1. Please specify each residue of the range 228-244 satisfying the condition of being over 22 Å from the mean Cα position of the chain (by Cα) and either free of Cβ contacts under 8 Å to residues at least 60 places away in the same chain or not in a loop (DSSP other than H, G, I, E, B) (or both).
2. Please list, ordered by first then second residue, the pairs with beta carbon atoms under 6 Å, 6 or more apart or interchain, first in the range 310-322 and under 14 Å from THR339 (Cβ atoms) and in contact (Cβ under 8 Å) with a residue 40 or more places away in the chain, second among the acidic types (Asp, Glu) and buried (at least 17 other Cβ atoms within 10 Å of the Cβ).
3. Looking at the range 263-277, I want the residues that are under 24 Å from VAL333 (Cβ atoms) and have a partner that is at pLDDT below 95 and assigned to a loop (DSSP other than H, G, I, E, B) with Cβ atoms under 6 Å, at least 6 apart or on another chain. Which pairs are those?
4. Out of curiosity, is GLU298 surrounded by fewer than 17 Cβ atoms within 10 Å (Cβ to Cβ), modelled with pLDDT of 90 or more, closer than 15 Å to ALA202 by Cβ and over 31 Å from the mean Cα position of the chain (by Cα)?
5. If I ask for residues that are more than 20 Å from ILE122 (Cβ to Cβ) and either modelled with pLDDT of 85 or more or part of a helix (DSSP H, G or I) (or both), which ones from the range 42-64 would you list?
6. Restricting to strands (runs of 3 or more DSSP E) lying wholly in the range 146-221: which have 1 or more residues that are in contact with a helix residue (DSSP H, G or I) (Cβ under 9 Å, 6 or more places away or on another chain) and farther than 26 Å from TYR80 by Cβ?
7. Is one or more of the residues making up the range 300-308 under 24 Å from GLU217 (Cβ atoms) and among the β-branched types (Val, Ile, Thr)?
8. Run down VAL345, VAL363, VAL331, VAL381 and say which single residue is closer than 24 Å to SER242 by Cα, of a type in the set (A, V, I, L, M, F, W, C) and touching a residue at least 24 places away in the same chain (Cβ under 8 Å).
Amino acid sequence: MNSKKLCASAICGVMLVGAMASMAACAPKEQGNDNPPEQGSEPKTIVYQLEGEYTDDTLKGYGFDYFYLLNLYSDNTITYSGYNQLGMDSSSYAENSAFYEKWGKGSWEIGEDVEGEECINIKLIYDEDAVNLNGGGTQIIGTFLYSVYENSQGNITFTIDVPFASGRESSITGGKTIKYENYDQFIEAHLYKESLPESSLALLEDKDKNYRLYCLEDGTAQLYSGRIDAGTDTYKYISSQSGRWNYSEGQLKFNFGGADVVATVEGTKATLNYSYNMGTAGVELALVCEDASAILQEGSGGEIEQPVATFTYTSDATKTGMKVYEDGTAVFVGIFGNTTDFTWVRTGNTLTFTEVKEDSPAVIEATIEGDGTCTFTHDPVYGEVHLGGEMTCANASTIPQTALVTFDGGEEEIGTVSFYADGTATFSVNVMKINFTWVYDGGKLTVTPVNPDDGAAFEVTIAEDNSATFTYTKSLMGGAYNMGGTFVCEDISALIAE
């Protein structure tokens with residue numbers, strides 16, 4: 001057991017002032033030593049030091065990636081501080097607009113938990129004096145008590161409340177090893193390191209607004225936004241959005257998750273007028289490349305895959321909410337243009353979306369009605385900002401069923417046979433398809449071609465480890481050519497589950 005959160009007082013208030021952009025603000029800090037001693041007292045030292053990181057892909061898209069530091073001092077006081085790496089500020093801590101010295105404060109002592117086990121008792125306080133993550137925009141008022149424990153190596157790991165909004169938590173770890181003697185060392189260790197493409201076919205720029213769009217050879221279009229580092233007075237660029245580009249039939253097209261955007265081409269000059277949205281703020285970009293000849297070659301770039309179904313917002317049918325692709329992927333497009341990757345599964349008329357995220361992914365379930373319509377709500381919220389809403393699709397029946405299991409033709413590349421929950425199966429090889437029905441009864445799996453001309457019913461051989469094989473062939477051109485062969489599936493448990 002690494003920690004016990006004994007209790008947390010009710011959060012008396014979460015005052016949301018302003019929108020997401022207010023997070024970049026920060027209250028003034030006192031100049032001087034990180035830990036100045038009181039007159040006539042011994043200088044306090046750091047006894048324990050723990051650190052962690054709080055962000056996700058959506059927050060990074062908005063420019064927020066927080067590293068936090070918890071110092072437990074020899075006078076039994078605590079400071080809880082944070083630094084937003086994407087604030088792009090390398091200034092010393094006292095002048096650093098991205099550093100928050102007083103997220104929280106508190107006290108600590110060696111004691112015993114309720115079971116009599118030795119532990120470190122931590123009392124962490126968020127009060128009116130604490131500068132929370134929004135720089136005063138969002139204030140969490142409350143007291144949080146933790147019992148934490150050193151392991152045999154002297155390390156401590158526990159889950160701490162993050163001063164972003166109520167209910168947000170993250171892991172923090174450390175011990176008696178002091179990595180940072182002062183706040184400037186902490187900031188230096190977490191400065192943003194710019195990483196731009198090593199090569200590209202073309203670079204489109206909006207020099208007035210400091211945006212760059214790199215067109216890579218594989219068809220990737222990568223948009224970067226520039227932010228000035230107050231410490232060096234220079235711009236650093238961060239990846240803001242990824243999309244696709246191609247040039248076909250005289251048109252240079254880009255797609256960033258919504259509708260295709262066509263660039264204007266005059267000779268070898270290309271201009272992309274693009275509305276880029278971030279949070280509640282939008283920016284109109286005019287991205288220009290004076291010599292884009294390298295990407296103005298017929299067939300250059302990558303394929304811009306078209307969705308099999310598109311959900312639009314009920315409140316505004318002109319805005320895309322979710323794009324569903326045949327390969328089992330989907331892209332959620334927020335009302336401000338933010339995008340999040342999902343996967344999807346269709347079983348019968350039940351459609352399930354799962355966010356591509358390691359921790360606590362969003363899961364959405366929806367029903368495809370008999371007339372093909374499907375409606376669901378996905379509305380992630382950051383602070384008071386709603387990023388989604390209710391969305392609907394009139395032709396969701398075009399979304400294909402997800403196979404329960406698939407038999408593979410192996411190295412012979414003779415195609416695949418996919419089995420679906422509705423009792424159907426499909427043999428696919430190149431553009432040719434043969435449809436079957438299947439029944440599992442009494443321990444036997446029987447497959448029957450829908451069209452009698454495609455052959456007679458046959459039985460699948462199932463091994464004790466639930467692997468299975470069968471052989472299917474169909475004669476073509478009067479017997480001159482046989483299509484098919486032996487198909488194998490390593491595990492058909494999902495198909496024969498009672």
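The values are calculated or read from the model by the stated rules, or taken from the named source; none is laboratory data. This one's a predicted model, so the numbers in the text were calculated from it and none came from an experiment. Glycine gets a Cβ as well: all are built from the backbone with ideal geometry, and neighbour counts include every protein chain shown.
1. If we filter the range 228-244 for residues that are over 22 Å from the mean Cα position of the chain (by Cα), which is where we start, we get 228-236.
Correct list: ILE228, ASP229, ASP233, THR234, TYR235, LYS236.
2. none
3. Close Cβ pairs (under 6 Å, with a partner that is at pLDDT below 95 and assigned to a loop (DSSP other than H, G, I, E, B)) amount to ASN277/PHE336; ASN277/GLY337.
4. Working: surrounded by fewer than 17 Cβ atoms within 10 Å (Cβ to Cβ): yes; modelled with pLDDT of 90 or more: yes; closer than 15 Å to ALA202 by Cβ: no; over 31 Å from the mean Cα position of the chain (by Cα): yes.
In short, no.
5. The first filter runs over the range 42-64 and keeps only residues more than 20 Å from ILE122 (Cβ to Cβ), leaving 42-43, 55-64.
ASP57, THR58, LEU59, LYS60, GLY61, TYR62 - these are the residues of the range 42-64 that are more than 20 Å from ILE122 (Cβ to Cβ) and either modelled with pLDDT of 85 or more or part of a helix (DSSP H, G or I) (or both).
6. Filter on the range 146-221 gives 202-206, 211-215.
7. We begin by selecting, within the range 300-308, every residue under 24 Å from GLU217 (Cβ atoms); these are 300-306.
Now drop any that are not among the β-branched types (Val, Ile, Thr), which leaves 304.
Checking the range 300-308: at least one residue is under 24 Å from GLU217 (Cβ atoms) and among the β-branched types (Val, Ile, Thr).
8. Details: VAL345 fails: closer than 24 Å to SER242 by Cα; VAL363 fails: touching a residue at least 24 places away in the same chain (Cβ under 8 Å); VAL381 fails: touching a residue at least 24 places away in the same chain (Cβ under 8 Å).
Every option except VAL331 fails the conditions.
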